[in-house]
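The values are calculated or read from the model by the stated rules, or taken from the named source; none is laboratory data. Not measured: the values here are computed from a predicted model. When we count neighbours, we look across all protein chains shown, and the Cβ atoms used for this are built from the backbone with ideal geometry, even at glycine.
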Amino acid sequence: MHYSSKSKLLSGSAIVAGAFLFSAAAMAQDVTVAFSASELGATAYNPVAASKLNTATSLIFDRLVEQDADQSFHPHLATSWEETPDGMAWTFSLLDGVTFHDDTPFNAAAVQFWIASYEGTENEYLVEAIGSVDVIDDLTVRFNMDRPEPNLLYNLASAFMGIPSPTAYAALGDDFGVTAAVGTGPYRLESFEIGLQTVLTRNDDHTWGSDLSENTGPGHIETFTFREIPDQSTAFLELRTGGIELLLGVPTDFLQILQAEQNIEIIQMPGTGISYMPINVTAAPFDDIRVRQATGMAIDQDGIVAAVYNGVGAPARNFLISSLPEANVDPDLNVTYNPTRAGELLDEAGWMMGGDGVRVRDGERLSVDLFTENSTEFTRLTQVVQAQLGEIGMEATITVFDSSTIRDEYRRNAHQLAVRGYDWNNSDILDWFFSGNRLGYPNVSMWEDAEGQRLNDIAMTESATAAERIANFTTYHEYVLSQHLFVPIYQPTQNIAFNSDAITVPDPVRGSRFRGQSFLDIQVAE
């Protein structure tokens, strides 16, 4: 499956006519890009150790394999691979003639160093099934497995498995990805101002793009400047006025407006994550499972899709995107709107409705903190969630944080409820957000449960085949749902907009996301 869709939306309101300012930067083959809201807040371009990365990472670092939209895997720095029948060894043949940005060679020894570098990091789970790495020759490497890992190719295609230069990685230590980031990718890191912008310049030596790009040589664009613009209204206006040429995350509020613009094109792709509300199970009153369940039943997912997102996207019913087989759980466990039952559960928990519409128990009001990030879309969604919680007698006070500070609040266990999202199209996201080994962040629910961890470990480490893995993760997912640790809200689409007077983008788009393979094909418009 390829995504095609440089198309206008079906309907929209008229706006005041105005000409676009043609970007002088684009004519000079410099393109400015605004990150999507979900990508804001990355603090380092270190795929090995970072807990959050963004699209620019995929231009700095290449991967052994790439994943297309149909979930198929394609060669990149690995030209081919072979798995033994018992799943206990994988042999990869590597691309010849590849060099890192520091002119050191990419080879089997670099792969061996890279796999070892994950030890002790948050991302170690990606390679923990690999017991050792043998260098067979300069361009052949073998992974000796401690156990079968049917998810290995997916892991290797992840943004968190970009391959860094061993020389630079060892020399820079904790500064790798901050002061410099050295990969084999089509663009080099020129500068990085945390929270502001990232500037990438073309790697003219890059001639090894994957078959997901038409252009496998150096990129057409000389410089990409990626900007962090927390206010999505501002990003939208900058696209209209020529301040940016490409907007990676277009809020659905703006999609219909953009229809009226003659030189704005929209690409819509299926989403790879959900927006949801984690519940801190250690913070009263949410240490009571009845209160957690009632909180989930207060949220009208269908109403939110219609009112907040103008019918674009879909309601989320559980923690996984609906295209994953592990999302097919017992229907009774899916989270649906039921304010009547929510009220009954709160009554059972002793929270009785007060005269002012806020529930009270033993003289204490049902007042809670509701955190969110400072993006237009999240803050608007959070306001709707606040109102819906109010309908069942829960008084929620919103606090807005920047994306870095809010993670510190999670780690301090200073939260009760939050509205946030994730972008990941694999069921191992359950391990990331619910494993007891990751309390604070990313386990924002602060959930530590012996049975949950047992099921997590089975799903992560005891699946010998893809079918077993689906079954194990489905069981784990169902147990997580039974504990009411979060409220699923919305499955967004990926909405990308660009100024067609300034640039052209590939059609169709290859890959599950608009990332490095697509940027290689971007050109200045004629």
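Name the one entry in THR465, THR461, THR474 that is in contact with a Lys or Arg (Cβ under 8 Å, 6 or more places away or on another chain), closer than 22 Å to ASN151 by Cα, in the same structural domain as ASN328 (by TED's automatic domain parsing) and surrounded by fewer than 21 Cβ atoms within 10 Å (Cβ to Cβ). Outline the logic, then answer.
Details: THR465 fails: in contact with a Lys or Arg (Cβ under 8 Å, 6 or more places away or on another chain); THR474 fails: in contact with a Lys or Arg (Cβ under 8 Å, 6 or more places away or on another chain).
So the residue among THR465, THR461, THR474 that is in contact with a Lys or Arg (Cβ under 8 Å, 6 or more places away or on another chain), closer than 22 Å to ASN151 by Cα, in the same structural domain as ASN328 (by TED's automatic domain parsing) and surrounded by fewer than 21 Cβ atoms within 10 Å (Cβ to Cβ) is THR461.
A Cβ distance below 7 Å, combined with a sequence gap of six or more or placement on separate chains, defines the contacts here; from region 384-413, residues that are under 18 Å from TYR490 (Cβ atoms) reach residues that are among the hydroxyl-bearing types (Ser, Thr, Tyr) and assigned to a strand (DSSP E or B) in the pairs ILE398/THR372.
Considering PHE160, PHE143, PHE226, the condition of being outside the structural domain of THR376 (by TED's automatic domain parsing), under 15 Å from PHE113 (Cα atoms) and not aliphatic (A, V, I, L, M) is satisfied by PHE143 alone.
Would you point out the residue of region 337-356, among those that are free of Cβ contacts under 8 Å to residues at least 60 places away in the same chain and touching a helix residue (DSSP H, G or I) at 6+ places or on another chain (Cβ under 7 Å), that is farthest from ALA316 (Cα to Cα)? Don't jump to the end; show me each part of the working.
Within region 337-356, the subset free of Cβ contacts under 8 Å to residues at least 60 places away in the same chain is 337-348, 350, 352-356.
Remaining after also requiring touching a helix residue (DSSP H, G or I) at 6+ places or on another chain (Cβ under 7 Å): 337-339, 341-342, 345-346, 348.
Details: TYR337: 11, ASN338: 15, PRO339: 17, ARG341: 19, ALA342: 18, LEU345: 22, LEU346: 23, GLU348: 27 Å.
So the residue we want is GLU348.
Criterion applied to VAL368, VAL358, VAL400 was being in contact with a Gly (Cβ under 9 Å, 6 or more places away or on another chain), among the β-branched types (Val, Ile, Thr) and not assigned by TED's automatic domain parsing to the domain that holds ALA235, and the one residue passing it is VAL358. Restricting region 117-139 to residues that are of a type in the set (Ser, Thr, Tyr) and touching a helix residue (DSSP H, G or I) at 6+ places or on another chain (Cβ under 8 Å) leaves a set whose member that is modelled with the lowest pLDDT is TYR125.
Against the definition (free of Cβ contacts under 8 Å to residues at least 24 places away in the same chain and among the small types (Gly, Ala, Ser)), how does GLY311 come out, yes or no? In short, yes. For region 282-294, state whether one or more residues are closer than 21 Å to ASN425 by Cα and either in contact with a Leu (Cβ under 8 Å, 6 or more places away or on another chain) or among the β-branched types (Val, Ile, Thr) (or both). Scanning region 282-294 turns up no residue that is closer than 21 Å to ASN425 by Cα and either in contact with a Leu (Cβ under 8 Å, 6 or more places away or on another chain) or among the β-branched types (Val, Ile, Thr) (or both).
Test GLY393 against the stated conditions and say whether it is modelled with pLDDT of 95 or more and buried (at least 21 other Cβ atoms within 10 Å of the Cβ). Break it down stepwise before answering.
On the way: modelled with pLDDT of 95 or more: yes; buried (at least 21 other Cβ atoms within 10 Å of the Cβ): yes.
When the stated conditions are applied, GLY393 passes them.
Could you tell me whether region 355-373 includes any residue that is of a type in the set (Gly, Ala, Ser), at pLDDT 95 or above and buried (at least 17 other Cβ atoms within 10 Å of the Cβ)? So far as region 355-373 goes, no, none of its residues is of a type in the set (Gly, Ala, Ser), at pLDDT 95 or above and buried (at least 17 other Cβ atoms within 10 Å of the Cβ).
Could you please find all residues in region 86-117 being assigned to a strand (DSSP E or B) and either under 16 Å from TRP208 (Cβ atoms) or aliphatic (A, V, I, L, M) (or both)?
Correct list: ALA89, PHE92, SER93, LEU94, THR99, PRO105.
Of the residues making up region 32-54, just one is over 14 Å from GLY183 (Cβ atoms) and of a type in the set (Phe, Trp, Tyr), namely PHE35.
Quick one: in region 231-258, which of the residues that are of a type outside the set (Val, Ile, Thr) and surrounded by fewer than 19 Cβ atoms within 10 Å (Cβ to Cβ) is nearest to the chain's Cα centre (by Cα)? Walk me through how you get there before you give the answer.
First pass over region 231-258, keeping only residues of a type outside the set (Val, Ile, Thr): 231-233, 235-240, 242-243, 245-249, 251, 253-256, 258.
Restricting the remaining residues to those that are surrounded by fewer than 19 Cβ atoms within 10 Å (Cβ to Cβ) gives 231, 233, 237-238, 243, 253, 256.
Working: ASP231: 19, SER233: 21, LEU237: 24, GLU238: 24, GLY243: 25, ASP253: 21, GLN256: 25 Å.
Among them, the one singled out is ASP231.
Of the residues that sit in region 356-377 and are charged (D, E, K, R) and in a loop (DSSP other than H, G, I, E, B), which one is nearest to SER233 (Cα to Cα)?
From region 356-377, those charged (D, E, K, R) are 356, 359, 361-362, 364-365, 369, 373, 377; that's our starting set.
When the remaining residues are screened for being in a loop (DSSP other than H, G, I, E, B), the result is 356, 362.
On the way: ASP356: 35, ASP362: 44 Å.
If we take residues in region 356-377 being charged (D, E, K, R) and in a loop (DSSP other than H, G, I, E, B), then ASP356 is nearest to SER233 (Cα to Cα).
Considering the conditions (1) over 19 Å from GLY421 (Cβ atoms); (2) among the polar types (S, T, N, Q); (3) crowded, with 17+ Cβ neighbours inside 10 Å, SER482 is excluded by exactly one of them, (3). For the criterion of being of a type in the set (Gly, Ala, Ser) and either in contact (Cβ under 8 Å) with a residue 60 or more places away in the chain or in contact with a Ser or Thr (Cβ under 9 Å, 6 or more places away or on another chain) (or both), GLY421 passes. For region 217-261, the tally of residues that are over 30 Å from GLY185 (Cα atoms), touching a residue at least 24 places away in the same chain (Cβ under 8 Å), of a type in the set (A, V, I, L, M) and part of a helix (DSSP H, G or I) stands at 3.
Which residues, counting only those in region 126-141, are surrounded by fewer than 20 Cβ atoms within 10 Å (Cβ to Cβ) and either charged (D, E, K, R) or part of a loop (DSSP other than H, G, I, E, B) (or both)? Once the filter is applied, which keeps residues that are surrounded by fewer than 20 Cβ atoms within 10 Å (Cβ to Cβ) and either charged (D, E, K, R) or part of a loop (DSSP other than H, G, I, E, B) (or both), region 126-141 yields GLU128, ASP134, ASP137, ASP138, LEU139.
Considering (1) among the aromatic types (Phe, Trp, Tyr); (2) crowded, with 20+ Cβ neighbours inside 10 Å; (3) in contact with a helix residue (DSSP H, G or I) (Cβ under 9 Å, 6 or more places away or on another chain), the lone condition that TRP432 does not fulfil carries the number (2). Only one of the numbered conditions (1) surrounded by 18 or more Cβ atoms within 10 Å (Cβ to Cβ); (2) of a type in the set (S, T, N, Q); (3) part of a helix (DSSP H, G or I) is not met by THR198, and that is (3). Going by what's in this entry, would VAL385 be described as hydrophobic (A, V, I, L, M, F, W, C), crowded, with 20+ Cβ neighbours inside 10 Å and under 27 Å from ALA37 (Cα atoms)? Here the answer is yes, as VAL385 does meet what is asked. Taking ARG240 as the residue in question, decide whether it is basic (Lys, Arg) and closer than 30 Å to GLY311 by Cα. Yes.
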